[in-house]
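First the structure, in the form of C-alpha cells, and then the observations on it.
Nothing in this text is a laboratory measurement; each read-out follows from the coordinates by a stated rule. Nothing here was measured: the structure is a model prediction, and the numbers come from that model. Cβ: placed from backbone, ideal geometry, glycine included. Neighbour counts: every protein chain shown.
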Amino acid sequence: MEEQANVPVFKGALIYGLIVGAISIVIALIFYFIGQSLETWAGIASMVIFFLLIIGSLIMFRKEYGNGYATYGQLVFLSFIVGLVAAILSSLFTFGLYSMDEGYLQDTKYAAVERVDKQLDKMSARYQERFSDEQYEMVEERMKEQRKKGIDKIEERSALGLAMSGLFGAVILSVIIGLIAAIFIRKNPDPTQQ
C-alpha cells in the first residue's frame with residue numbers, strides 16, 4: 001500500500017498535460033489551415049478529441065505510474081492538472097494566433113455574432129407562435145436589447161479575453177471528465193495481496 005501512496009501524480013500530469021496540449025494545438029492548426037476552425041463540426045471534433053485524450057491520459061497514468069492501480073482522487077487530480085497544462089498551452093497558442101492574425105480574431109467575433117442571431121431567431125419563432133401580437137412585440141423588444149448587449153460584449157473581447165475564456169472552459173471540462181471517467185478507470189490495490 002505504501003507503494004501506491006508514492007505514485008508521482010504531478011509528474012505524470014505534467015507530462016500528459018504537455019502531450020494533450022501539443023495535440024490540441026496541432027489539431028487547431030490543421031483546422032485553421034483548412035479554414036474550418038470556426039465551423040461547428042470542428043468545435044465538436046476538438047471537444048471529442050480533448051475528451052478522449054483526457055481519458056487516455058487517465059488510463060495511461062494508471063498503467064505507467066500506478067502499476068495498474070489508481071485511486072479516484074489521484075485520477076481526478078490528474079485530470080485537473082492535465083487539463084490545466086493543456087489549456088495554458090492552447091490558450092497561449094490561441095492568443096498568439098489572434099495577435100498575429102487580426103482577421104481571424106474578427107472572423108471569430110463574427111461567427112459568435114452569427115450564433116447569437118441564430119439563437120434569437122429560433123426563440124423569436126417560438127415566441128411568435130405562442131404569444132399574441134402585443135405580447136410578442138414586448139418580447140421582441142427585449143430580444144433586441146439582449147442582442148445588442150450580447151454583440152457589444154463580443155465586440156469588446158480582446159485576444160487575451162478570448163484565450164482566457166478558453167482556458168477556464170477547458171479546465172472545467174477536464175475536471176468534469178475526470179470526475180466521471182475516474183469512476184470507471186480507478187482501480188485500488190487488493191489489500192489481500194500485500
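Data overview
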quantity: Neighbour cut-off at most 11 other Cβ (10 Å), DSSP loop, chymotrypsin sites (Phe, Trp or Tyr not before Pro), segment 125-161; calculated: none
quantity: Ordering of 82-94, 167-179 by burial proxy (mean other Cβ atoms within 10 Å per residue, highest first); calculated: 82-94, 167-179
quantity: Angle in degrees between helix 133-156 and the longest Cα principal axis of the chain, rounded to the nearest 10; calculated: 60 degrees
quantity: Restricting segment 1-92 to GluC sites (Glu not before Pro) in coil, as DSSP defines it, with at most 14 other Cβ within 10 Å; calculated: GLU39
quantity: Lys, Arg +1 and Asp, Glu -1 on Cβ, resulting dipole of segment 2-189 about Cα centre, debye, nearest 20; calculated: 700 debye
quantity: Crossing angle, helix 72-100 versus the chain [Cα axis fit, 0-90 degrees, rounded to tens]; calculated: 50 degrees
quantity: Overall Cα dimensions of the chain - principal axes, largest extent first, Å; calculated: 75, 42, 24
quantity: Degrees separating the helix 159-185 axis from the principal Cα axis of the chain, which is the longest one; calculated: 50 degrees
quantity: Cα gyration tensor shape for segment 125-194, rounded if a/c is under 1.5, else prolate or oblate; calculated: oblate
quantity: Set of aspartates and glutamates near LYS148 by C-alpha distance (under 15 Å), chain-local residues within fewer than 8 positions excluded; calculated: GLU114, ASP117, ASP121, GLU140, GLU156
quantity: Relative packing of 114-124, 50-60, which averages over residues the other C-beta atoms within 10 Å, highest first; calculated: 50-60, 114-124
quantity: Cβ-defined net charge surrounding GLN135, 12 Å radius [Lys, Arg +1; Asp, Glu -1]; calculated: -4
quantity: Relative contact order (%) - criterion: Cα under 8 Å, at least six apart; region: the chain; calculated: 37 percent
